[in-house]
Amino acid sequence: MTPREVFERLIEGVTARDWDVLPELYAEDAVVVHPMAASDGPLVGRDALRRHFEHAATLPLRMSARDVVVHETADPEVVIGEFEYAGQVTTTGRRFAIRNVFVLRVRDGLIVEARDYADHARFGVAIGRPPAPLAAALADGPPGDDPLFPDM
């Protein structure tokens, strides 16, 4: 697969919740970084990605990708995909929209390196599990309008 095709398959897999197949899009020694997530660091290797997707399978989310734009770069291994996840929390019915950018390096049809610029704090707020510092800030904020979800 070309880098563009791998990106498209990745988005299709996430939105279809095809969690068992997604790790196979990555090289055995792939490195994935989520720069906007409060995490312990990069996911290294297909097994770490498999655990990541197993966790994702437990989240009460249904999502689709919209406004997808793919940028092919001067480096034939690198593709940049911009899109928005439009979703719904299945347990509450709450709707959300979260912009995202993936930067993928694909070699021999497999992702060897990725940076996923998703707003993980916003995902946490959507499902009712914001990161602790954000939860404290939201608890101290004014009642009424939700600054993270102004259209809600």
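None of the figures in this text is laboratory data; all of them are computed from the coordinates on show. Everything numeric here is computed off the predicted structure, so don't read it as measured data. In this analysis, Cβ positions are derived from the backbone assuming ideal geometry, glycine residues included, and neighbour counts consider all displayed protein chains.
For a protection proxy built on the mean count of beta-carbon atoms within 10 angstrom, sort 43-52, 111-120 highest first, please.
Result, highest mean first: 111-120, 43-52.
Around Arg9, under 12 Å between beta carbons, what's the net of Lys plus Arg minus Asp minus Glu among the other residues?
Charge balance near Arg9 sits at -4.
Tally Lys/Arg at +1 and Asp/Glu at -1 over every other residue whose Cβ is under 11 Å from the Cβ of Arg46; what's the total?
Residues near Arg46 contribute -2 overall.
May I ask you to derive the FRET efficiency for Arg4 and His55 from their Cβ-Cβ distance with R0 = 22 Å, giving the value to the nearest 0.05?
E(calc), rounded to 0.05, equals 0.20.
Check which residues have an amide H placed less than 5 Å from Met36's amide H, if you skip close sequence neighbours.
Answer set, sorted by chain and number: Ala118.
If we count every other residue with Cβ under 10 angstrom of Arg105's Cβ, Lys/Arg +1 and Asp/Glu -1, where does the sum land?
Surrounding charge for Arg105 is -1.
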